[in-house]
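Undergrad: Sharing a structure, written as structure tokens. Questions coming.
The values are calculated or read from the model by the stated rules, or taken from the named source; none is laboratory data. Everything numeric here is computed off the predicted structure, so don't read it as measured data. SASA here: full protein model, heavy atoms, side chains in, ligands and nucleic acids out. Shrake-Rupley method; radii C 1.70, N 1.55, O 1.52, S 1.80 Å.
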Amino acid sequence: DTEVTQTPKHLVMGMTNKKSLKCEQHMGHRAMYWYKQKAKKPPELMFVYSYEKLSINESVPSRFSPECPNSSLLNLHLHALQPEDSALYLCASSTQKFSGNTIYFGEGSWLTVV
Amino acid sequence: KNEVEQSPQNLTAQEGEFITINCSYSVGISALHWLQQHPGGGIVSLFMLSSGKKKHGRLIATINIQEKHSSLHITASHPRDSAVYICAVKGGETSGSRLTFGEGTQLTVNP
């Protein structure tokens, strides 16, 4: 199983809503990542978890709150988002943090904030 | 100037043509990734290179560490190859080993 599974595929939320994006992998990877991608732009790193601990926060606003309940799961909790937060959110994993091994990406969650 | 530059930005080809996408980078790296992204959003890792050449099916990736340059070749291109191809480099330990992405090359292969 070389899949990173993200749910939901599409999410529309109001600026006062609270929602969550979920990511799951069963490859035994110990590093998991959240990226944000705007249209026609490359992905931007948001958070890195290494061995279930937050390792890197790229100065992401607190309205985005990551959580790693166990080594297979990664959540991104969303609250009081702004329309400019509308983007594709990609989860990825690798054997170790930024290791020289292949990085696996999920299909992404398309988020629209209205 | 971006640390990772890709060319061309857009590429249109006829089915069957040989395609080359180039990536140049200005930093020391420990590995270079070629990624493919379809309009649906998901990213697929095609290759990870630290030296030499790799081949998978109709895809070939090469890297020249001294010249800080990599190429992705597609032989006998097909409409299903239409996607955005992204070059991403992994820096050394001093740069935090993050992936730095190029802007991507939009490839369209017409039947």
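Undergrad: If you wrap a convex hull around the alpha carbons of chain B, what volume per residue comes out, as a whole number of Å³? Walk me through the intermediate numbers first.
TA: Working: hull volume 10.4 nm³, N = 111.
Given the Cα convex hull of chain B, per-residue volume reads 94 Å³.
Undergrad: With equal scatterers on the alpha carbons only and no solvent term, can you work out the Debye log10 of I(q)/I(0) for segment A:1-86 at 0.22 1/Å?
TA: Summing over Cα pairs of segment A:1-86 leads to -1.20.
Undergrad: What's the whole-number percent of alpha carbon pairs in the protein assembly as shown lying beyond 33 angstrom? Write down the numbers at each step before the final one.
TA: Numbers: 4176 of 25200 pairs.
Tail fraction, whole percent: 17.
Undergrad: Would you work out what percent of the accessible area of chain B, with all protein chains in place, is carbon or sulfur (probe 1.4 Å)? Let's see the in-between values first.
TA: Numbers: 2620 of 5280 Å².
It is 50 percent, rounded to a whole number.
Undergrad: Working out 0.36 nm times the residue gap between A:VAL114 and A:HIS79, then minus their Cα-Cα distance, what length gain in nm do you get to one decimal?
TA: Fully extending the segment from A:VAL114 to A:HIS79 adds 11.3 nm.
Undergrad: Convert each backbone phi in segment B:98-111 into a coupling constant with the Karplus relation 6.51 cos²θ - 1.76 cosθ + 1.60 (shift: θ = phi - 60°), then list the ³J(HN,Hα) values in order as whole Hz, x for Gly and Pro.
TA: Taking θ as phi minus 60°, the curve returns 6, 7, 10, 9, x, 7, x, 10, 7, 9, 10, 10, 8, x Hz for segment B:98-111.
Undergrad: Also, I was wondering about something else. Given a 1.4 Å probe and every protein chain left where it sits, what share in percent of the accessible area of segment A:5-105 is carbon and sulfur?
TA: Of the solvent-accessible surface of segment A:5-105, carbon and sulfur hold 50 percent.
Undergrad: Just subtract the alpha-carbon distance of B:GLN106 and B:LYS54 from 0.36 nm times their residue separation and send over the number in nm, one decimal.
TA: Difference between extended and current length: 16.5 nm.
Undergrad: In addition: Accessible area lost on pairing B with A, both sides, 1.4 Å probe, Å² to nearest 100?
TA: Details: alone 6090 and 6200 Å², together 10750 Å².
Answer for the B-A pair: about 1500 Å² buried.
Undergrad: Can you tell me the accessible area per residue over chain A, all protein chains present, probe 1.4 angstrom, in square angstrom?
TA: Values: 5470 Å² over 114 residues.
Value for chain A: 48 Å² per residue.
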